[in-house]
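So the structure is just underneath, and the comments pick up after that.
The values are calculated or read from the model by the stated rules, or taken from the named source; none is laboratory data. Note that the structure is predicted; figures quoted are calculated from it, not measured. Every residue, glycine among them, receives a Cβ derived from its backbone with ideal geometry; neighbour counts consider all protein chains shown. Areas reflect the complete protein model, heavy atoms only, side chains present, ligands, DNA and RNA absent. Shrake-Rupley method; radii C 1.70, N 1.55, O 1.52, S 1.80 Å.
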Amino acid sequence: MSSPLPDLVDPWRAADTRAVFAGRLPLSSLARLCAVLLDTAGDVVFRLAFCRDEDHRAIVLGEVKARLELRCQRCLEAVASEVDARMALALVRGMDEARRLPERYDPLLVSESLIRPRDLIEDELLLALPQIPMHDPGVCTVASQPPSGQGADAQTRDVGPFAALAEWKSKQ
């Protein structure tokens with residue numbers, strides 16, 4: 001059984017009680033994510049399950065799903081990115097503890113007694129963003145014309161990093 005998402009959670013207690021939070025959040029409520037989106041309409045569907053693993057380690061298992069509108073870095077138009085990410089976080093109190101974690105877990109450093117579950121959801125969405133958002137090849141309508149003021153010979157001319165230097169030297 002899941003509960004609505006609270007603003008703050010004691011993660012250690014949530015793991016002991018096997019708390020599960022599931023639901024939807026508007027993308028517009030995630031300020032850091034909104035900074036990179038073209039359109040903040042829509043929701044993120046999430047599920048966070050706090051529990052303990054076989055070694056009694058406090059963990060958070062979760063998933064987030066959302067459709068994000070980003071700017072294509074090839075044609076500068078909108079491109080949709082479907083995010084369906086899973087997380088497996090182990091609660092740790094320090095870096096030494098984080099280094100000893102099995103590879104299947106990412107560390108979640110808990111320096112205060114309470115955490116914001118909304119931040120976990122937003123962090124996972126940010127991590128799932130493509131480094132360079134682009135349409136599939138052949139979809140973008142990129143202009144292949146030379147910049148205005150340059151003729152066709154500008155396209156055929158050598159444009160290596162030292163071409164301008166060679167041209168300058170030849171004029172000397």
Query - Looking only at segment 17-38, and only at residues there that are within 15 Å of Pro117 (Cα to Cα) and in a loop (DSSP other than H, G, I, E, B), the one that is most open to solvent (accessible area, probe 1.4 Å) - result: Arg18
Report summary line: The residue from Leu126, Leu120 that alone is closer than 21 Å to Ala78 by Cβ, in a helix (DSSP H, G or I) and modelled with pLDDT of 70 or more is Leu126
Query raised in the report: Do we find that Ala98 is without any contact (Cβ under 8 Å) to a residue 12 or more places away in the chain and either in contact with a Lys or Arg (Cβ under 8 Å, 6 or more places away or on another chain) or open to solvent by less than 40 Å² (accessible area, probe 1.4 Å) (or both) in this structure?
Result: yes
Query raised in the report: Filter segment 63-106 for residues that are in a loop (DSSP other than H, G, I, E, B) and of a type in the set (Lys, Arg); which is nearest to Leu125 (Cα to Cα)?
Result: Arg104
Query raised in the report: When you go through Val60, Val44 one by one, which is the residue that is modelled with pLDDT of 95 or more, under 15 Å from Ala128 (Cβ atoms) and not in a loop (DSSP other than H, G, I, E, B)?
Result: Val44
Query raised in the report: Within segment 111-128, can you find the residues that are open to solvent by less than 20 Å² (accessible area, probe 1.4 Å) and out of contact with any helix residue (DSSP H, G or I) (no Cβ under 6 Å at 6 or more places or on another chain)?
Result: Pro117, Leu120, Ile121
Requested in this report: Identify all residues within segment 56-71 that are surrounded by 20 or more Cβ atoms within 10 Å (Cβ to Cβ) and among the hydrophobic types (A, V, I, L, M, F, W, C); write none if there are none.
Outcome: Ala58, Ile59, Val60, Val64, Ala66, Leu68
Query raised in the report: Being of a type outside the set (Asp, Glu), open to solvent by 80 Å² or more (accessible area, probe 1.4 Å) and either under 30 Å from Thr141 (Cβ atoms) or in contact (Cβ under 8 Å) with a residue 60 or more places away in the chain (or both), is that true of even one residue in segment 47-55?
Result: no
Query - Any hit, segment 138-149, residues being at pLDDT 85 or above, open to solvent by less than 100 Å² (accessible area, probe 1.4 Å) and on the phi < 0 side of the Ramachandran plot - result: no
